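Here's the structure we're looking at; comments come further down.
The values are calculated or read from the model by the stated rules, or taken from the named source; none is laboratory data. Because the structure is predicted, anything quoted here is derived from the model rather than measured. Here the Cβ positions follow ideal geometry from the backbone for every residue, glycine too, while neighbour counts run over all protein chains shown. Side chains are part of the model used for accessible areas, which takes the heavy atoms of the whole protein and leaves out ligands, DNA and RNA. Shrake-Rupley method; radii C 1.70, N 1.55, O 1.52, S 1.80 Å.
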Amino acid sequence: MPLDSFTPIELRLDRATYSEAVIYKCFYWYGGEYDVHIEPQADSIIVRLSLPEGKTTAPNTTDEALLSRIQNDLVDFKLRELIGQETQTIRELLVAKAFANYDTEQPLLTPVSDPVGFHFPEGEPSSYVSNYQALPQVQGE
Amino acid sequence: MSVITKPSRKFKASNEYQVDLTPYRLLPFRFHEVTPEKEVIVSEVGDWLLVPRGTVLRLVSRELDRVQDAELYADLLANFIISDAAEVPLLDVMATRYRTKKSFLDAFTALHIFVVTLRCEHTCHYCQVSRVTADNQAFTMSRAHIDKGIALMMQSPNPHVTMEFQGGEALLAFDTIVYAVEQARVQAQMHGKQITFVICTNLAVVTPEILAYCDQNQILISTSLDGPEFLHNANRHRPKRNSYQLTVEGIAQARAVLGHERVSALMTTSTLSLEHPIAIVDEYIRQGFNSIFLRPISPYGFALRSDKKNKYQTERFLEFYKTALGHILDCNFKGQFFREDYATIILRKILTPFPIGYVDLQSPAGLINGVVVFNYDGQVYASDEARMLAEMQDYEFRLGHLDTHSYEQIFYGSKAKQIAEVWSNESLAGCSECAFQTYCGADPVLHHATQGDMYGYRPTSVFCQKNMEIIRYLFELMDADPQIERIFRSWVADSN
Ligand code: SF4
């Protein structure tokens with residue numbers, strides 16, 4: 001049924017399933033079409049979608065389609081969070097290593113001042129590996 | 001799969017050769033739904049894989065099996081999306097790839113735009129700068145400002161700079177251009193820089209003498225062609241309604257003197273253009289071009305104010321774009337090489353490890369990093385769009401003035417720092433988790449102009465809406481037909 005007279009919808013999302021960050025990131029994308037109201041509670045987070053003031057018709061969708069979109073988006077943003085948590089260290093290392101070459105300072109050779117191994121002189125291949133292996137293991141290992 | 005259980009003295013059992021079956025490790029990646037059936041996974045360094053919807057869920061839930069999903073598993077490994085070693089032995093390779101993707105930053109500002117005059121003999125309704133009469137000297141850049149602009153250009157760390165002359169109609173100040181070229185040549189030699197000259201012109205006032213000078217000085221011509229005669233003339237008003245005729249004749253003359261490859265054309269999309277995607281492409285083919293840049297109308301200058309005539313919906317532009325792109329692909333299917341340039345910029349980033357210097361499709365954005373504008377009055381702006389805003393009395397992106405500001409104050413000053421806060425899509429809400437981040441960019445000027453905030457709000461951003469859909473669509477096309485990917489690869493190869 002097209003939502004030409006849209007009644008605001010309210011969702012109660014379990015905090016154990018969806019973090020606050022996932023919910024904010026997910027519903028950020030709904031802000032163009034709806035007024036999004038997010039209300040954190042003790043165990044859950046309530047999300048209300050309503051039409052912005054002055055708008056009388058909802059975007060071209062049905063309530064089933066909207067709910068299905070929300071469900072899919074929540075799963076996708078939860079996956080993004082999991083990927084982010086699991087790969088954050090590697091991403092930081094990657095970016096730091098990529099731009100470390102821009103440094104013009106003299107190489108620092110003590111393990112304390114060079115914990116990641118960026119400045120190991122040439123001839124010591126893969127010097128980062130030993131440092132890297134000391135990093136916390138990711139989920140599933 | 002059969003497994004040899006009896007040990008042999010010559011050959012070890014096959015399970016001896018199996019890799020350690022510890023669960024795989026995820027490497028940083030993002031994903032996006034391309035169609036209801038497919039999603040694209042994009043690694044941190046821009047490698048990608050089109051997979052069935054739900055693959056990421058299986059991947060993250062550790063449901064992928066390296067034997068049963070052997071092909072997918074190998075693809076994920078090869079594309080830096082997973083690693084099956086405890087450490088990441090290819091981190092060095094990935095870091096090099098990442099750095100290559102950002103190598104457009106190495107040299108800093110290349111494009112220096114000199115707005116030599118605001119005068120113009122056209123009265124186009126969508127003109128992005130204030131139009132003034134053809135005989136008004138007050139709107140022409142002074143020689144002192146030309147000298148100061150060149151001095152700043154010579155301070156750019158980039159060994160190869162481009163000096164682009166714009167207007168108004170730049171050729172109405174041709175004597176100023178000649179002065180600038182002569183001065184810049186001397187300075188470039190002193191500073192050991194290579195310099196490329198470009199004149200942006202509608203060619204209405206071009207003469208054999210001007211073309212001869214361009215030829216002697218290897219100056220490139222960039223002109224404007226909006227489509228077939230009725231459309232071009234409707235967009236570009238001239239007293240005798242002969243803009244198209246002058247442009248087409250000018251292109252022919254310029255090619256005859258400078259050579260075919262030294263004359264390029266840009267189109268501006270108007271509301272009227274949106275109804276004629278195929279005719280526009282056909283006009284470019286008829287005029288002997290092998291590519292077209294399908295540009296959305298910019299929301300700057302008079303375009304913002306001329307609501308009725310120029311307001312167009314991004315949706316309509318996307319429809320127009322897809323129809324035109326489909327027609328271009330049809331031409332390629334029939335054996336005619338013809339390229340769409342906006343797609344090619346994005347595809348170069350999708351299909352090769354290399355970046356491309358295009359102001360709005362890079363992160364950090366190209367303003368200041370890649371381009372700077374010296375306006376006719378000595379004001380310095382962060383990009384061409386920034387000076388168009390200034391013509392509407394919005395000076396948000398003014399970096400300084402040629403008379404009063406040093407190189408450091410302009411390029412590393414407080415305004416540059418303020419813009420730098422928002423010019424990387426890696427750190428913008430919405431973009432930070434977007435799979436298309438590597439292929440897209442940031443556009444603080446457009447977001448300021450359309451949303452009143454240079455940070456931008458992605459859910460209603462026309463920049464985001466346009467790029468997200470075009471990038472998604474390019475993946476959809478490649479997925480639908482391998483022949484299209486081959487055509488896209490030929491565009492990328494040709495644009496190098
Ligand atoms: S502007 Fe939109 S498409 Fe581009 S990176 Fe940001 S979110 Fe993605």
For the stretch B:467-476, enumerate the residues that are out of contact with any Cys (no Cβ under 9 Å at 6 or more places or on another chain) and either crowded, with 19+ Cβ neighbours inside 10 Å or part of a loop (DSSP other than H, G, I, E, B) (or both). B:I470, B:L474, B:F475
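To keep it simple, each residue is scored yes or no on (1) within 20 Å of B:F436 (Cβ to Cβ); (2) at the interface with chain A (Cβ under 10 Å from one of its Cβ atoms); (3) in contact with a helix residue (DSSP H, G or I) (Cβ under 7 Å, 6 or more places away or on another chain); (4) not hydroxyl-bearing (S, T, Y).
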| residue | (1), (2), (3), (4) |
| --- | --- |
| B:V56 | yes, yes, yes, yes |
| B:A78 | no, no, no, yes |
| B:D92 | no, yes, no, yes |
| B:L111 | no, no, no, yes |
Looking only at the stretch B:415-444, and only at residues there that are open to solvent by less than 20 Å² (accessible area, probe 1.4 Å) and assigned to a helix (DSSP H, G or I), the one that is nearest to the other protein chains (Cβ to nearest Cβ): B:N425
Filtered residues of the stretch B:35-49 (kept if at negative phi and either within 12 Å of chain A (Cβ to nearest Cβ) or buried (at least 16 other Cβ atoms within 10 Å of the Cβ) (or both)): B:P36, B:K38, B:E39, B:V40, B:I41, B:V42, B:S43, B:E44, B:V45, B:D47, B:W48, B:L49
For the stretch B:392-411, does any single residue satisfy the condition of being without any contact (Cβ under 8 Å) to a residue 24 or more places away in the chain and closer than 20 Å to B:S363 by Cα? no
Condition test on A:E64, is it modelled with pLDDT of 50 or more, open to solvent by 60 Å² or more (accessible area, probe 1.4 Å), assigned to a helix (DSSP H, G or I) and more than 13 Å from chain B (Cβ to nearest Cβ)? yes
If the requirement is being away from the ligand (no atom under 11 Å from the Cβ), assigned to a loop (DSSP other than H, G, I, E, B) and touching a Gly at 6+ places or on another chain (Cβ under 8 Å), which of these qualifies: B:M392, B:M388? B:M392
Evaluate the following for B:A151: is it in contact with a strand residue (DSSP E or B) (Cβ under 6 Å, 6 or more places away or on another chain) and over 22 Å from B:S291 (Cα atoms)? no
For B:Q483, state whether it is in contact with an Asp or Glu (Cβ under 9 Å, 6 or more places away or on another chain), farther than 24 Å from B:D394 by Cα and either of a type outside the set (S, T, Y) or open to solvent by 10 Å² or more (accessible area, probe 1.4 Å) (or both). no
Is it true that A:E86 is within 11 Å of chain B (Cβ to nearest Cβ) and either of a type in the set (A, V, I, L, M) or within 30 Å of B:S43 (Cβ to Cβ) (or both)? yes
Could you tell me whether B:K322 is crowded, with 18+ Cβ neighbours inside 10 Å and outside any loop (DSSP other than H, G, I, E, B)? no
Check on A:Y30, on the phi < 0 side of the Ramachandran plot, under 17 Å from the mean Cα position of the chain (by Cα), away from chain B (no Cβ under 14 Å) and not polar (S, T, N, Q): no
Selection within the stretch B:244-256 - open to solvent by less than 60 Å² (accessible area, probe 1.4 Å) and touching a residue at least 40 places away in the same chain (Cβ under 8 Å): B:L246, B:T247, B:G250, B:I251, B:A254
Here the residues within the stretch B:399-440 that are more than 16 Å from the ligand (Cβ to nearest atom) and β-branched (V, I, T) are B:T404, B:I410, B:I419
Name the residues in the stretch B:325-369 that are in a loop (DSSP other than H, G, I, E, B), more than 23 Å from B:S103 (Cβ to Cβ) and open to solvent by 10 Å² or more (accessible area, probe 1.4 Å), would you? B:K334, B:G335, B:Q336, B:F337
Within the stretch B:248-284, track down each residue that is outside any loop (DSSP other than H, G, I, E, B), hydrophobic (A, V, I, L, M, F, W, C) and in contact with a Phe, Trp or Tyr (Cβ under 7 Å, 6 or more places away or on another chain). B:A265, B:L266, B:L274
Within the stretch B:487-494, is even one residue assigned to a helix (DSSP H, G or I) and within 16 Å of the ligand (Cβ to nearest atom)? no
For the condition out of contact with any Lys or Arg (no Cβ under 9 Å at 6 or more places or on another chain), among the hydroxyl-bearing types (S, T, Y) and surrounded by 14 or more Cβ atoms within 10 Å (Cβ to Cβ), what is the one hit in A:S50, A:S44? A:S50
What are the pairs, 6+ residues apart or on separate chains, where a residue within the stretch A:61-81 that is on the phi < 0 side of the Ramachandran plot has its Cβ under 7 Å from a residue that is loosely packed, with under 14 Cβ neighbours inside 10 Å? A:T62/A:M1; A:T62/A:P2; A:D63/A:M1; A:E81/A:A21
May I ask you to verify whether B:L76 is over 17 Å from B:F475 (Cα atoms) and in a helix (DSSP H, G or I)? yes
Of the residues in the stretch B:153-170, those that are more than 14 Å from B:Y376 (Cα to Cα) and in a helix (DSSP H, G or I) come to B:M153, B:M154, B:Q155
Among the residues of the stretch B:453-462, is there at least one that is in the same structural domain as B:Q336 (by TED's automatic domain parsing), open to solvent by 40 Å² or more (accessible area, probe 1.4 Å), modelled with pLDDT of 95 or more and assigned to a helix (DSSP H, G or I)? no
How many residues are under 8 Å from B:L171 (Cα atoms) and crowded, with 22+ Cβ neighbours inside 10 Å if we restrict to the stretch B:204-221? 1
How do the pairs read when you match residues in the stretch B:165-176 that are free of Cβ contacts under 8 Å to residues at least 40 places away in the same chain and closer than 12 Å to B:L203 by Cβ with residues anywhere that are open to solvent by 10 Å² or more (accessible area, probe 1.4 Å) and not small (G, A, S), using Cβ under 6 Å and keeping only pairs 6 or more apart or on different chains? B:L171/B:V205
Counted residues, the stretch B:308-319 - those being open to solvent by 80 Å² or more (accessible area, probe 1.4 Å) and modelled with pLDDT under 50: 3
